[in-house]
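The values are calculated or read from the model by the stated rules, or taken from the named source; none is laboratory data. Not measured: the values here are computed from a predicted model. Note: ideal-geometry Cβ built from the backbone for every residue, glycine included; neighbour counts use all protein chains shown. For accessibility, only protein heavy atoms count, side chains too; no ligands or nucleic acids. Shrake-Rupley method; radii C 1.70, N 1.55, O 1.52, S 1.80 Å.
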Amino acid sequence: MSLKESSVKKPAQASPVAGDSIASVGPAQSVRLSDPAMAESVSELKNRLRNDPGFARRMLREAGILNRDGRLTKAFGG
């Protein structure tokens, strides 16, 4: 094994609902919603967004939809 091969780390798989931040999801990957593992993750995320308003607001702020005051940003009609 060369030095170049040993220094390359593979990204860890993470569930979208595992952390409190969008950034915790990891690198972008192409997936299909028909994939059972993806459907389960999306369902869990939807439930968390529905049941945890604080998490939902943090996600909308990180996406640039809400500002710090909880109002829509100008780009989204605020």
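What to note about this one:
- The trypsin sites (Lys or Arg not before Pro) of segment 38-78 that DSSP puts in a loop, and whose beta carbon has at most 16 other beta carbons within 10 Å, are Arg68, Arg71.
- By a 1.4 Å probe calculation restricted to protein chains, Ser30 has an accessible surface near 120 Å², given to the nearest 10.
- On the basis of the beta-carbon distance and an R0 of 30 Å, Ala75 and Ala39 show a calculated FRET efficiency of 0.50.
- Computed E for Arg32/Ala63 - FRET, C-beta separation, R0 35 angstrom, nearest 0.05: 0.95
- Neighbours of Leu66 by Cβ distance under 10 Å: Lys/Arg scored +1, Asp/Glu scored -1, total +3.
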